[in-house]
Amino acid sequence: MLFSIVIPVYNVKEYIRKCVGSILANSFSDYEVLLVDDGSTDGSDLLCDAMAEESGGRVRVFHQENQGPGCARNTGIAAAQGEYLFFVDSDDSLKSDALERLAAAVKKYQADIIAYDFFSDDGEGRLRPMSANRGKVGAPFTLAKQPEFLLSVPGVWQRIWRRTLFDKGVSFPNRVWYEDICTVTKLFALAEKIVILPERPYCYLSRPGSIMNSRVLPRNREIITAMEDVLGWYQEKGLFDQYQKELCALTVEHVLLVASVRVARIDPKSPILQELSSYVSKRFPDFQKNYYIRQFPRLKRLALCLICHKRYGLLRRLFQLKDGK
């Protein structure tokens with residue numbers, strides 16, 4: 001079997017049938033769908049069972065107590081029979097030729113990681129092309145050869161993964177935010193061959209209720225725990241010095257330009273903002289001299305300047321203007 005498609009499911013009754021339907025609509029057939037119900041309470045569990053029965057054996061369902069998407073993915077990995085793992089979020093969907101195109105890429109490149117870009121779906125049928133990966137398209141490489149790949153968007157669903165990569169001691173953490181960054185950044189370093197496709201087989205649904213748009217401010221502190229996990233792993237493997245510039249830029253990107261901006265947009269007086277800033281300054285005191293950071297787009301550089309000068313009110317206003325509010 002070529003693909004094991006792992007889908008964590010938690011209270012997504014409104015979306016899961018469309019997600020699974022988009023997969024089953026693909027003409028390519030060498031795959032299985034693993035639905036991992038993570039303790040749903042809205043009827044998603046029963047819907048998963050119904051879809052499995054309707055699929056004629058194509059869909060398998062696993063039920064477990066709620067432990068978060070990371071644990072659900074680990075359950076899927078343990079049960080997977082495919083050569084490649086394809087992680088799909090339960091409110092997203094695939095293009096009708098996604099599996100066929102990815103199968104062709106597997107045959108051509110035999111890479112450990114096959115990366116691609118995606119479409120952002122506004123929920124009204126409008127798709128916007130989005131970029132996810134840093135590096136040369138169509139030419140296989142390793143992280144050592146193209147270290148900027150470490151600065152790609154760290155979504156597990158933006159790549160497919162050779163299943164044996166997870167035999168090297170890497171798994172998803174449980175019950176935390178930012179579980180993707182804790183996992184994919186390690187797999188990048190372990191892969192012996194990576195390739196980026198010019199394809200967009202995946203449609204990501206942007207919706208207000210998703211976890212990355214949550215207004216639960218204290219959980220933004222978890223990015224510090226996540227980055228400590230990543231940096232500690234690179235130090236343990238003797239890779240920290242080799243990728244120090246990239247790890248510095250990665251930390252600034254996700255601690256200051258993701259978590260801090262998210263907090264400031266909701267509460268520019270939150271003490272969490274100082275915690276995030278202090279962490280980056282302690283870990284990388286000279287981060288403003290970093291090559292990658294100096295190459296950030298204009299909006300990111302402006303936002304970073306406001307963060308460094310603790311002008312969080314202006315930071316919130318900047319993004320209100322960007323959003324047209």
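The values are calculated or read from the model by the stated rules, or taken from the named source; none is laboratory data. Because the structure is predicted, anything quoted here is derived from the model rather than measured. So basically every Cβ, Gly included, is an ideal-geometry build from the backbone, and we count neighbours across all protein chains shown. Ligands, DNA and RNA are stripped out before the accessible areas are found, and what is left, the full protein with its side chains, is counted by its heavy atoms. Shrake-Rupley method; radii C 1.70, N 1.55, O 1.52, S 1.80 Å.
Here is how the numbers come out for the structure above:
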| read-out | value |
| --- | --- |
| Extended-chain gain in nm, criterion 0.36 nm per residue less alpha-carbon gap, E53 and N174 | 40.6 nm |
| Förster radius 22 Å - calculated FRET efficiency between K300 and M130 (Cβ-Cβ, nearest 0.05) | 0.90 |
| Rounded to the nearest 10 Å², the accessible area of D122 at probe 1.4 Å | 60 Å² |
| Full-stretch length increase - V137, R317 - with 0.36 nm per residue and alpha-carbon distance subtracted | 61.2 nm |
| Under Karplus coefficients 6.51, -1.76 and 1.60, residue-wise ³J(HN,Hα) of segment 231-248 in Hz, glycine/proline x | 4, x, 5, 5, 5, 4, 7, x, 10, 4, 5, 4, 10, 4, 5, 5, 5, 5 |
| Residue-span extension gain [R17 to E83] - 0.36 nm each, minus C-alpha spacing | 21.2 nm |
| Prolate/oblate/rounded label for segment 250-302 (Cα gyration tensor, a/c 1.5) | oblate |
| Part-to-part distance (alpha-carbon centres) for segment 237-301 and segment 310-324, which is given in Å | 18 Å |
| Cleavage-rule hits (chymotrypsin sites (Phe, Trp or Tyr not before Pro)) in segment 182-279: DSSP loop, at most 16 neighbouring Cβ within 10 angstrom | F240 |
| Global geometry of segment 28-75, whether rounded, prolate or oblate, following the gyration tensor of its Cα atoms and the 1.5 cut on a/c | oblate |
| Debye intensity ratio I(q)/I(0), log10, the chain, q values 0.09, 0.13, 0.14, 0.15 Å⁻¹ (C-alpha model) | -0.48, -1.02, -1.18, -1.34 |
| Lysines whose Cα lies under 26 Å from that of K95, excluding same-chain neighbours fewer than 8 positions away | K13, K18, K107, K108, K136, K193 |
| Inter-centroid distance (Cα atoms) of segment 172-194 relative to segment 88-163, Å | 15 Å |
| Segment 167-325: C-alpha gyration tensor shape, a/c 1.5 cut-off, then a/b vs b/c | prolate |
| For segment 23-177, Kirkwood radius (reciprocal of mean inverse C-alpha pair distance, Å) | 17.2 Å |
| Within the chain, helix-based [θ] at 222 nm, where runs of 4 or more DSSP H residues each add -39,500 (n - 2.57), nearest 500 | -11000 deg cm²/dmol |
